[in-house]
1. So for region 481-504 (the condition being within 39 Å of the chain's Cα centre (by Cα), among the β-branched types (Val, Ile, Thr), surrounded by fewer than 17 Cβ atoms within 10 Å (Cβ to Cβ) and modelled with pLDDT of 85 or more), does at least one residue qualify?
2. Go through (1) farther than 30 Å from Lys419 by Cβ; (2) open to solvent by 10 Å² or more (accessible area, probe 1.4 Å); (3) modelled with pLDDT of 90 or more for Lys345 and report which single condition fails.
3. With respect to the numbered conditions (1) over 29 Å from Asn403 (Cα atoms); (2) open to solvent by 40 Å² or more (accessible area, probe 1.4 Å), which one is the sole condition not fulfilled by Thr290?
4. If the requirement is being of a type outside the set (Phe, Trp, Tyr), touching a Ser or Thr at 6+ places or on another chain (Cβ under 8 Å) and within 30 Å of Lys503 (Cα to Cα), which of these qualifies: Val365, Val372, Val393?
5. Tell me which of these Leu424 doesn't satisfy, since it passes every other one: (1) open to solvent by 10 Å² or more (accessible area, probe 1.4 Å); (2) modelled with pLDDT of 85 or more; (3) assigned to a helix (DSSP H, G or I).
6. Given the residues Asp284, Asp258, which is the only one that is open to solvent by 20 Å² or more (accessible area, probe 1.4 Å) and at pLDDT below 85?
7. Here are some conditions: (1) in a helix (DSSP H, G or I); (2) touching a helix residue (DSSP H, G or I) at 6+ places or on another chain (Cβ under 7 Å). Val296 meets all but one. Which one does it not meet?
Amino acid sequence: MARPRSEDPTGSAGSGAPGSGSADGAAAGGSGTGTAGAGGSIPAPRTGGRAEARRAAQGKGRGGPGGDDGSNGSGHRKAGGRGKKPERNIKKIVGWTAVGALVLIAGTGGVIYLKLNGNIKTIDSDGLSKDRPPESAADANGNKPVNILLIGSDSRGAGNSDLGGGNAEGARSDTTILLHVYADHKNAIGVSIPRNTLVTIPPCKLPNGKWTKEQKGKDILFNAAFAQGDSVEGNATCTQNTVEKLTGIRVDHTLVVDFSGFAAMTKAVGGVEVCLPKAIYENDINPNLTKKGAQVLPGGRQKVEGQKALDYVRLRHGIGDGSDIGRMKRQQAFMSSMISTVKKKGLEPTTLLPLADAATKSLRVDEGLNSVDKLMSFALSLKNIDLHDLKFVTPPWRFSDANLDLVKPDVDRLWEAIKADRTLDGKDATGEQPDAPAAPEAPAAPAATPEAPPTTTAPPARAAAAPIRVAVYNGTTVNGLGAKAGEALKAAQFTVTGVNQAKSTNKVTTTIEYGAGQKANAEKVAALFPGATLTSTTAAGISVVLGKDYADANGGAGTAAPGTPAAPAPLPSSVTEEARSADDDICANTSYGSGG
């Protein structure tokens, strides 16, 4: 017998959510702080279930500032509207998996291109703001970071109503992730933007061609941007404009995904491993039930697909404080596990075709990604990102009544770190980092007395036929100094394995550090850095640690170069301590608050 499905009217840490007052007195004054964290066959609608429960309850339920029901484009509920489920957060999973699926179709030939191209729909770019942040600058190797906006739509159009339940008009974005791929294309960070975050929505173009006025105030929520114009497809460009205004980061690509293919995608990969701290019952799925009901999902590790996968990612009640914060954490764990599953499957044709078909059917993309060729090129650029180097975070937040305020200056430090291409641990991820033995994260202290480099008046020596590999570390506060040194090394035919920030930024004299058997090569490198000292270390390879002397010789004078932003401040613990790596234990960090 089909189990009843949830009305789940609030969908957030909003009205009626136990979590709204659980963070250090947030309910009293908003002072609590924390961090929030597919075209196979679609399952036929079941008798009863969430959808019918939701339809039966239309117009009778609770409302609240954090609600999910029809939006009038200003963050308010429509009169008489019924709270729509928060479960559409699952679409962000489809976006990540779509990228993974497209990576997998590399090498399979062009046979499936026509079919997959026909699945992809394009977002009109006419609605983008004319006042946008600047494009990211290329590093010394010509590589640029890429910012991708992943939007989850709750539209009931195109066959989504049976799966999602309800028949509300328009579309909202319950989940949005800003994915920053660093210039080295070996690191990435996904920043989840809570849907009930208080924001300013800039002027946006409506489907009728008119533009709205800027909207701001205590009742303007982030997810209202996608609802501007009440279009069944949603307003992706308005959401992009809002994200750019909120972060100061230019978005290079936007992908909108729905959930109609989600169940098929999880089946295509053979299921996804998840973990729950306790068993889940029918009244956790549908809190309107007066009885506990049958067990839906057991506690502990398990593999889910299809409807059970949907139940896992939609779950809000029964674990933690019942807020969206905990659900976001579980969704990030699910995304990590699904990406890991896709990577392990490899190029298996039986998995590849249904997964790629499902992924592309779930996408609406900007004009820069509106073909399989473009998506393939982008997806292949991500293939060297290790699971451990894919991070998920949520901006520092605090409760403001039932909604969320982003905490300043902490959130500004996060945006600045991303714009400066700094990882969560402060590493400068600009510069190409080819597959090679990793250089030390920060050069070790000298293991021997520094030696003076050989005196020479000849031009800098060029590298020998066998390439000499060199890692560059900026030991100063001068931005761009490492890239400048990297360019000089490459011009002399050395191979630069990476350009990073040293842990210490008060280095006075440039040092060339070398491991066993590398002294002769280190001397060739030192010829490019007059006055540098040579130091033998126990670490393998050769590293250049730039000092103030190199900055002075290159116009730095020990300060940031003109027009270049200063090095960002270290990220607050509210960001770093709550970050999730894609290879983290799937049973860890999957709830928020107490209760349930």
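1. For region 481-504, residues within 39 Å of the chain's Cα centre (by Cα), among the β-branched types (Val, Ile, Thr), surrounded by fewer than 17 Cβ atoms within 10 Å (Cβ to Cβ) and modelled with pLDDT of 85 or more: present.
2. (3)
3. For Thr290, the exception is condition (1).
4. Selected residue: Val393, the only one of Val365, Val372, Val393 that is of a type outside the set (Phe, Trp, Tyr), touching a Ser or Thr at 6+ places or on another chain (Cβ under 8 Å) and within 30 Å of Lys503 (Cα to Cα).
5. (3)
6. Answer to the selection: Asp258.
7. (1)
A quick yes/no check of all residues on (1) over 25 Å from Lys391 (Cα atoms); (2) in a loop (DSSP other than H, G, I, E, B); (3) open to solvent by 10 Å² or more (accessible area, probe 1.4 Å); (4) of a type in the set (D, E, K, R):
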| position | (1), (2), (3), (4) |
| --- | --- |
| His185 | no, yes, yes, no |
| Gly190 | no, no, no, no |
| Asn208 | yes, yes, yes, no |
| Lys213 | yes, yes, yes, yes |
| Gly217 | yes, yes, yes, no |
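The values are calculated or read from the model by the stated rules, or taken from the named source; none is laboratory data. All of these numbers come straight from a predicted model, not from anything done at the bench. Note that each Cβ is placed from the backbone with ideal geometry, even for glycine, and that neighbours are counted across all protein chains shown. All accessible areas refer to the heavy atoms of the entire protein, side chains included, with ligands and DNA or RNA removed. Shrake-Rupley method; radii C 1.70, N 1.55, O 1.52, S 1.80 Å.
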